[in-house]
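*Asks:* Let me give you the structure first, and then I'll get to my questions.
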Amino acid sequence: MGMPGDPIRPLTIALCQFAPRKGDTAANLARLGRLCAQAATLEPRPQVVQFPETALSGYFVEGGVREVAVTAGALAYELDDHYRTACAAAGITVVPMDVVVGFYERWRDTLHNSAAYITLGLDDGPPVLRHVHRKNFLPTYGLFDEERFVERGTDIRAFETPWGRAALLVCEDAWHSLSGTLAALDGAQVVFVSSAAPARGPWPRHDGVAGPYSAARWERLIRDIAEEHGVYAAFVNLVGSEGGKRFFGTSHLVGPGGDVRGRAPVWDESFVSITVDLDDLVRARADSPLLSDLRVALPHVLDNVRRITDGITPAVLYDGPEPAAADLLRQARDFHTGEFPVPTGALTRAATVRALPEQLPVVRHGLRDHGGPPPLTLDAPLTEEWLTGFLHEEMTRRGYGKAVVGLSGGVDSAVTAYLAVRALGAENVIGVRLPYRTSSSDSLAHAQLVIDALGIESRTIDISGAVDGYLAHEPDADGARRGNVMARTRMIALFDLSARYRALPLGTGNKTERLFGYFTWHADDSPPVNPIGDLYKTQVWQLARHLGVPAVIVDKAPTADLIAGQTDEGDLGIPYARADEILNGLLHGYSHEAMRARGFGDDELALVERRLNGTHWKRRPPATALVSQSGIGESYLRPVDY
């Protein structure tokens, strides 16, 4: 007999968030087999192990989908083989186990982003493929371009499993409330949501849970699915980094009352095993019978759906005007109480204006109190963890253990160096000072402060000879040309030192500079990995203070140090604090009118937009004349880390 409080109908689910090797389906299948074997050793043993979306290949494979797609049958048989092999290698008894696996699927000569529900490890036969869900809603906006590479599924339904009834959703499916509704109406007790959601939103959260803003948004979605329909909802997300986009994990399981039963950590690979009681469904649905209400109302709901899809606009119906008491008495026998169509023309009625008995206090909220662009305030510890993880994973994927950073004495290169040391270790970072003969002595001294504070290896290479050797043949070069020659010479030196030390150069350009085009093309923007390129200048300052960059570097006026007395804000014609607010608004779709309402003037709005719109070419690869159907970067698409 169980102890009081033991589950009556127990179900144990293991949520496994992990980072697949990009494009390597063979290695990922073997890894999934080992993870299933590990799950078989957990106590209590899970009946279901759930893996993320595209666990077989990684998510952002672009045109590589056709190369990594497999049939669901092949996936089931190969995963079963790998599970048995891993168990044998570890001396583990093979036990039946259900798994949910996200993968790119080849089905009827089309490609899909799918999730399969498979029973592995059966004693008396091959694996059982119980269901395949093909993602219905394909995000094709922002970071995503799915509809270019895969076809839509058109079916959402529940299915039978050894323990009960389940349904599968893939990522964007869960953002449409109707998906969870269909699954619940079809009898699902657990809705498994597999995702490859990149982290976005480094500003502070107010719910006390670690992770980026997008993690909080996902948790609200999963809780809504569970609570509205009285089901369990399990969410498993990728971790790892793909092409600069880092997946945040925080996989979790939510009970039918909307309560989070267990949660995985942010960023890290992990197993989370959670045992629940399916009888909680009965209790939750008795307390809040929303699903029952929906079933009763469903015929009318479907009528409305048909009316909407058919484009039928019904007449607005209402009871007629209330007759006076005398009219009711006079017409009691034949007064019509039916519904009347709305008459043409405006309806009028007499209005009596009465003075309010008292004036109520009025609370006025400005535009910044509600809505507006995302905040520029950083959750600095989260951002540090985010960016150091990004650096470590990108460097490892590219086969580099060391980094080289050009230290200018400014805050951007200092922050990059601090992040590199925390990601790779001080022994694996080389700081390089590259002065020109007119460079400020403060720049050299401040760069040395960073070197000393971090304890990293350093080099100092005077570029005056190289620059002057070229400029001797161009005596009429103005300040801008001379500055560009210096910047490109510095990048030549960094890439050469990269070859010497087998150390990847790291970029140090911030988002404000990149949007303004305030950098030398094919110089400052050349390093292949940049940890701070999506942080505005004001955010770099916030992160610098958190990381402990010396105050003299953080607080000084930023300068490219190409000409004596030059400052960034003098060149740009606007303070960074104002520029960042405007850029943040414009990039999130706020018009000049909306920004004026937030206190920005026409002159500064025009200045920012002129610089933004006039420098798109600096943020794109060189334009290539397309003469074929397989243009590189247009039709032939492969991510940088594929």
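*Asks:* Under the condition of being among the polar types (S, T, N, Q) and not in a loop (DSSP other than H, G, I, E, B), which residue from the range 111-137 is farthest from the chain's Cα centre (by Cα)? First the steps, then the outcome.
*Replies:* Step one: of the range 111-137, the residues among the polar types (S, T, N, Q) are 113-114, 119, 136.
Now narrow it down to the ones that are not in a loop (DSSP other than H, G, I, E, B): 113-114, 119.
Values: Asn113: 18, Ser114: 19, Thr119: 31 Å.
Applying the filter and picking the extreme gives Thr119.
*Asks:* Sort through Ser214, Ser241 and tell me the only one that's of a type outside the set (Asp, Glu) and either touching a strand residue (DSSP E or B) at 6+ places or on another chain (Cβ under 6 Å) or assigned to a helix (DSSP H, G or I) (or both).
*Replies:* When all the criteria are applied, what remains is Ser214.
*Asks:* Can you tell me which residue is surrounded by the fewest Cβ atoms within 10 Å (Cβ to Cβ) among those in the range 50-88 that are of a type in the set (Asp, Glu) and more than 20 Å from Arg638 (Cβ to Cβ)?
*Replies:* Initially, the range 50-88 is screened for residues of a type in the set (Asp, Glu), giving 53, 62, 67, 78, 80-81.
If we keep only those that are more than 20 Å from Arg638 (Cβ to Cβ) too, we end up with 78, 80-81.
On the way: Glu78: 19, Asp80: 23, Asp81: 15.
So the residue we want is Asp81.
*Asks:* Answer yes if at least one residue in the range 261-279 is within 24 Å of Ala233 (Cβ to Cβ), in contact (Cβ under 8 Å) with a residue 24 or more places away in the chain and part of a helix (DSSP H, G or I), and no otherwise.
*Replies:* yes
*Asks:* Could you tell me which of the residues Leu506, Leu515 is under 16 Å from Ala579 (Cα atoms) and either modelled with pLDDT of 95 or more or hydroxyl-bearing (Ser, Thr, Tyr) (or both)?
*Replies:* Numbers: Leu506 fails: under 16 Å from Ala579 (Cα atoms).
From the options Leu506, Leu515, the qualifying one is Leu515.
*Asks:* Follow-up. Within the range 168-179, identify whether any single residue is among the charged types (D, E, K, R) and part of a strand (DSSP E or B), and answer yes or no.
*Replies:* no
*Asks:* Got a number for residues in the range 244-260 being part of a strand (DSSP E or B) and on the phi > 0 side of the Ramachandran plot?
*Replies:* Adding up the residues that qualify gives 1.
*Asks:* Give the range 47-72 a look and list any residue that's within 24 Å of the chain's Cα centre (by Cα), in a loop (DSSP other than H, G, I, E, B) and within 17 Å of Asp109 (Cβ to Cβ), or say none.
*Replies:* Listed by number, the list holds a single entry, Ala69.
*Asks:* In the range 263-272, which residues are surrounded by fewer than 18 Cβ atoms within 10 Å (Cβ to Cβ) and not aromatic (Phe, Trp, Tyr)? First the steps, then the outcome.
*Replies:* Start the filter on the range 263-272 by keeping residues that are surrounded by fewer than 18 Cβ atoms within 10 Å (Cβ to Cβ), which leaves 265, 268-271.
Result: Pro265, Asp268, Glu269, Ser270.
*Asks:* Just a yes or no: is a residue in the range 437-449 at pLDDT 95 or above and within 27 Å of the chain's Cα centre (by Cα)?
*Replies:* Within the range 437-449, not a single residue is at pLDDT 95 or above and within 27 Å of the chain's Cα centre (by Cα).
*Asks:* Please count how many residues of the range 101-151 are loosely packed, with under 14 Cβ neighbours inside 10 Å and farther than 11 Å from Ala76 by Cβ.
*Replies:* So the answer is 12.
*Asks:* Name every residue in the range 587-642 that is hydrophobic (A, V, I, L, M, F, W, C), at pLDDT 95 or above and assigned to a loop (DSSP other than H, G, I, E, B), in order of residue number.
*Replies:* Within the range 587-642, just Phe600 meets the criteria.
*Asks:* Can Gly211 be described as surrounded by 19 or more Cβ atoms within 10 Å (Cβ to Cβ) and at pLDDT below 95?
*Replies:* The answer is yes for Gly211.
*Asks:* Whether any residue in the range 567-578 is touching a helix residue (DSSP H, G or I) at 6+ places or on another chain (Cβ under 9 Å), under 16 Å from Asp412 (Cα atoms) and loosely packed, with under 15 Cβ neighbours inside 10 Å is what I want to check.
*Replies:* Yes, that holds for at least one residue.
*Asks:* Taking the range 535-557 as the region of interest, how many residues are touching a residue at least 24 places away in the same chain (Cβ under 8 Å), outside any helix (DSSP H, G or I) and either at positive phi or surrounded by fewer than 19 Cβ atoms within 10 Å (Cβ to Cβ) (or both)?
*Replies:* Matching residues across the range 535-557 total 3.
*Asks:* Here is a follow-up. Could you pull out the residue among Gly58, Gly91 that is at positive phi, out of contact with any Gly (no Cβ under 8 Å at 6 or more places or on another chain) and at pLDDT 95 or above?
*Replies:* Gly91
*Asks:* Scanning for something in the same structural domain as Ile274 (by TED's automatic domain parsing), touching a Phe, Trp or Tyr at 6+ places or on another chain (Cβ under 8 Å), surrounded by 22 or more Cβ atoms within 10 Å (Cβ to Cβ) and under 16 Å from Leu129 (Cβ atoms), does the range 11-32 turn up at least one residue?
*Replies:* Checking the range 11-32: at least one residue is in the same structural domain as Ile274 (by TED's automatic domain parsing), touching a Phe, Trp or Tyr at 6+ places or on another chain (Cβ under 8 Å), surrounded by 22 or more Cβ atoms within 10 Å (Cβ to Cβ) and under 16 Å from Leu129 (Cβ atoms).
*Asks:* Let me ask something else. Against the condition more than 17 Å from Asp173 (Cα to Cα) and either in contact (Cβ under 8 Å) with a residue 24 or more places away in the chain or not acidic (Asp, Glu) (or both), how does Ala210 come out, does it pass?
*Replies:* Yes: the conditions hold for Ala210.
*Asks:* Collect the residues in the range 66-89 that are over 13 Å from Thr119 (Cα atoms) and in contact with a Ser or Thr (Cβ under 8 Å, 6 or more places away or on another chain), keeping them in residue-number order.
*Replies:* The answer is Val68, Val70, Cys87.
*Asks:* Continuing with this model, one more query. Checking Arg108 against (1) at positive phi; (2) within 28 Å of the chain's Cα centre (by Cα); (3) not acidic (Asp, Glu): exactly one of these is not met. Which one?
*Replies:* (2)
The values are calculated or read from the model by the stated rules, or taken from the named source; none is laboratory data. Model, not experiment: these values are computed from the prediction. Cβ sites come from the backbone with ideal geometry, for glycine too, and all protein chains shown count toward neighbours.
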